[in-house]
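Report on the structure given below.
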Amino acid sequence: MESIVKYFNGLSDHQIQQLSQLKSLYEEWNEKINVISRKDMDDFYLHHVLHSLTLTSFIKFASGTTILDLGCGGGFPSIPLAIFYPDVHFTLIDGTGKKIKVVQAVSDTLELKNITAIHTRAESHKGQYHFVISRAVATLHELLNWSFDKWKKEQINALPNGLIAYKGGDINLEIKDIKKGNYIEKWDIFDKFPEPYFTEKYLIYVQKK
């Protein structure tokens, strides 16, 4: 939790309590279902929780915002974000049922009322949201193909509705592949969270023109 407290000093006691429970919950579930590598568990709060929360320094979601997490895995980035944004609703989908089972169990334990977990594939899911987010799932091109019919027309945030993808490494080719006809911003996580782990880690925002 040290890395969380270092960058977020405005959290409520309740939020701190919820975030503090995450590691033990995932350690318990990891013994039944492998959702996080053992190597990553050693740096759980930096690699998963803080990484998820970095988005909050680039955009402040308005109350009532709806977000779809494509390929949510064990619940990142949405579970930490749902703790940070109790007035934002997150729908988490994944094609692997056991991962959704973990997401639902963790959400229930933390009493997160702003999370809906659904076992389904992106191509099959029907619904519209202000933003689609995704972490380490697919290429930007694939994510956009899955997202185009899932954005609401209604705008309630300063940033127009769109896709936000957590990415790492050299992603210039991915960006070039989807640049035509779309507006793109590349946010460098290391600029605001100068931890070695965040070197060459980015948030890519894509707005359909």
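Across the range 83-109, the number of residues qualifying as in contact with a strand residue (DSSP E or B) (Cβ under 8 Å, 6 or more places away or on another chain) and farther than 17 Å from Trp29 by Cβ comes to 6. For the range 68-99, the tally of residues that are in a helix (DSSP H, G or I), among the hydrophobic types (A, V, I, L, M, F, W, C) and over 20 Å from Phe44 (Cβ atoms) stands at 0.
Of everything in the range 126-138 that is modelled with pLDDT of 95 or more and farther than 14 Å from Val206 by Cα, the residue that is surrounded by the fewest Cβ atoms within 10 Å (Cβ to Cβ) is Gln128. Within the range 72-93, residues that are farther than 16 Å from His48 by Cβ and surrounded by fewer than 24 Cβ atoms within 10 Å (Cβ to Cβ) sit with their Cβ atoms under 6 Å from residues that are modelled with pLDDT of 95 or more and among the small types (Gly, Ala, Ser), at 6+ positions apart or across chains, in these pairs: Asp87/Ser63. Against the condition in a loop (DSSP other than H, G, I, E, B) and modelled with pLDDT of 95 or more, how does Phe61 come out, does it pass? When the stated conditions are applied, Phe61 passes them. Checking each residue in the range 139-176 for being in contact with a helix residue (DSSP H, G or I) (Cβ under 7 Å, 6 or more places away or on another chain) and exposed (fewer than 14 other Cβ atoms within 10 Å of the Cβ) picks out only His141. The residues in the range 152-209 that are closer than 21 Å to His51 by Cα, touching a Phe, Trp or Tyr at 6+ places or on another chain (Cβ under 8 Å) and among the charged types (D, E, K, R) can be counted, and the count is 7. Residue count for the range 178-204 satisfying the condition of being modelled with pLDDT of 95 or more, in a strand (DSSP E or B) and polar (S, T, N, Q): 0. Screening the candidates Leu50, Leu19 for the property of being of a type in the set (A, V, I, L, M, F, W, C), part of a helix (DSSP H, G or I) and over 25 Å from Lys98 (Cβ atoms) yields one hit, Leu50. Screening the candidates Lys6, Lys32, Lys39 for the property of being more than 21 Å from Glu195 (Cβ to Cβ) and either among the aliphatic types (A, V, I, L, M) or surrounded by fewer than 16 Cβ atoms within 10 Å (Cβ to Cβ) (or both) yields one hit, Lys32.
The values are calculated or read from the model by the stated rules, or taken from the named source; none is laboratory data. Only a predicted model underlies this, so the values are computations on that prediction, with no experimental measurement involved. FYI the Cβ positions are ideal-geometry reconstructions off the backbone, even for glycines, and counts take in every protein chain you see.
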